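Colleague: Below is a structure I'd like to ask you about.
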Amino acid sequence: DEGLQVLRNDQRGVLLNTEFRYLESSLDGTMRGEWLPDDRQEDETRYGYSWQHRQTLGYGFSGALNLQGVSDDTYFTDLSDKIAAPSQTNLPREGNVFYDGDWWNLNTRVQRFQTLQDPLAPVVPPYARAPQVVLNANRQPSDIVSLDLQGEYVDFDHPTLLNGRRQILYPSVSLPLQTSFFYLRPRAGHHYTRYVYDDPNRPDDSRQVPIYSIDSAVTFEREANVMGRDFVQTLEPRLYYVYVPFRQQDHLPNFDTALADFSLAQIFTENQFTGGDRINDANQLTAAVTSRLINPDRGDEHLRFVLGQRYYFKEQQVTLNTTAATRASDRSDLLAAVTGRISSNWTTDLGTQYSVNQRRVERSNAVLRYQPELGKVLNLGYRFTRDTLEQVD
């Protein structure tokens, strides 16, 4: 499937735009390209390209490519006709080979970026990963024991910053106890990280952190009638406790770590940071409750309500860097969400983050979808992040 488009701009010239899509039983992909042979304003040839490719290689192997690039830093702002394109800063150029070995898998990736710079707001290009090898394994030798292993090797490369290699080994064991209405999952692990630097004057670093957690939940059910319809209503309280002792980490580099987005999914994780360069100290409890309306005949979920909050029993010590502020409260913002079908034609996805200390909404989103029949859809959306964003679509 291919398309060709010629766009004429009296100020810049003629732009050739083409797209090629392909699909086979074991592979698929999309190739796009743009070419402006002679920009009349810049007096130069300009181009942009992208290629996404996925392929099943057999015997548990698969692969993927994501290659993107443009001729210059202002290509999108000058020539793109898509609203989102001018906000792109880092264009990925990466290849992946993935192996699925049933109870374990291995992903090997080489990743680099083209960073588009704005002279008025320069940014630091991200590190290249050349390569990155990630191992995940899970084995259950019995019904009450689960063994997990996470491993990673990354070679970080940057033209101006500290270069080095990071190795992570994180084994853990859990003892899941589960019935039809209740589960309890205590878990203990040991996170080991080692750094080797290209700078011969900087000695190797390492970090060892034990991590403990307990996840538990119970489900209650009852029959309910809502707006004349019969449902099974659930009430599902959940408690998630994490303990991680403090380890000094200010001396370690930050190759790829950032603060994770605060969400209902994130408050049920061990670490508030993404990447492998920081592990938070923690003595905290997450409490949440979920209620669902379930169709008693088909068993599908009709509507879901979730409310959750995290409580801290110690002051924060580990931060992203030495200048980052620590939290000032012993509890997190309150998170609430409602998703599902509110009538035969209307569905909704509502979420809010409310600061109990400031007594104000910090972030919210509301999406309504109206679909009276196939082929007819109306979407209404509102998004708000305090001091950052407010938009309607």
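The values are calculated or read from the model by the stated rules, or taken from the named source; none is laboratory data. Keep in mind it's a predicted model, so treat the numbers as computed, not measured. With ideal geometry, Cβ positions are generated from the backbone for all residues, glycine too; neighbour counts draw on all protein chains shown. With ligands, DNA and RNA removed, areas are computed over all heavy atoms of the protein, side chains included. Shrake-Rupley method; radii C 1.70, N 1.55, O 1.52, S 1.80 Å.
Colleague: Considering only S213, S355, S344, give the residue with the highest GNM mean-square fluctuation for the chain, with springs between Cα atoms whenever their separation is below 10 Å.
Modeller: S344
Colleague: Using the heavy atoms of the protein chains alone and a 1.4 angstrom probe, what is the accessible area of the chain per residue in square angstrom?
Modeller: Ligands and nucleic acids excluded, the result is 60 Å² per residue.
Colleague: Name all residues of the range 131-145 having a backbone nitrogen under 19 Å from the label point set 7 Å from the Cα of T108 along its Cα→Cβ direction, giving them as ranges.
Modeller: Flagged as within label range: 131-137.
Colleague: Of [x] 19, 50, 30, 2; [y] 24, 54, 21, 1; [z] 21, 45, 25, 9, 1, which is the value of P(r) over Cα pairs in 20 Å bins from 0, in percent derived from the coordinates here?
Modeller: [x]
Colleague: What ³J(HN,Hα) values, in whole Hz, does the Karplus curve 6.51 cos²θ - 1.76 cosθ + 1.60 give for the range 276-290 when θ = phi - 60°, with x put for Gly and Pro?
Modeller: x, 8, 9, 10, 5, 7, 8, 9, 9, 10, 9, 10, 8, 9, 10
Colleague: Amide H neighbours of N283 under 5 Å, counting only residues 5+ apart in sequence or on other chains, H built in-plane at 1.01 Å?
Modeller: V244, F313, K314
Colleague: If Lys and Arg each add +1 and Asp and Glu each add -1, what is the summed charge of the other residues whose beta carbon sits under 9 Å from the beta carbon of T319?
Modeller: Here the charged neighbours net out to 0.
Colleague: Next up: Return the sequence-ordered ³J(HN,Hα) values of the range 230-237 in whole Hz as given by the Karplus equation 6.51 cos²θ - 1.76 cosθ + 1.60 applied to θ = phi - 60°, using x for Gly and Pro.
Modeller: Coupling constants for the range 230-237: 8, 9, 9, 9, 10, 10, 10, x Hz.
Colleague: How long are the semi-axes of the ellipsoid equivalent to the range 259-393, from square roots of 5 times the Cα gyration tensor eigenvalues, in whole Å, largest first?
Modeller: The three semi-axes for the range 259-393 are 34, 18, 13 Å.
Colleague: Give me the distance between the Cα centres of the range 151-205 and the range 315-383, rounded to whole Å.
Modeller: 30 Å
Colleague: In percent, how large is the relative contact order of the chain, given Cα pairs closer than 8 Å and 6 or more residues apart?
Modeller: Once normalised by length, the contact order is 6 percent.
Colleague: Pop out the ³J(HN,Hα) list for the range 321-335 in order, Karplus 6.51 cos²θ - 1.76 cosθ + 1.60 with θ = phi - 60°, rounded to Hz; leave Gly and Pro as x.
Modeller: 8, 5, 9, 6, 6, 8, 5, 10, 9, 8, 8, 7, 5, 8, 10
Colleague: Also, I was wondering about something else. Kindly rank 274-281, 329-336 from highest to lowest mean number of other beta carbons found within 10 Å of each residue.
Modeller: 274-281, 329-336
Colleague: When Lys and Arg each count +1 and Asp and Glu each count -1, what net charge do the other residues less than 14 Å away from N96, Cβ to Cβ, add up to?
Modeller: Net charge in that neighbourhood comes out at +3.
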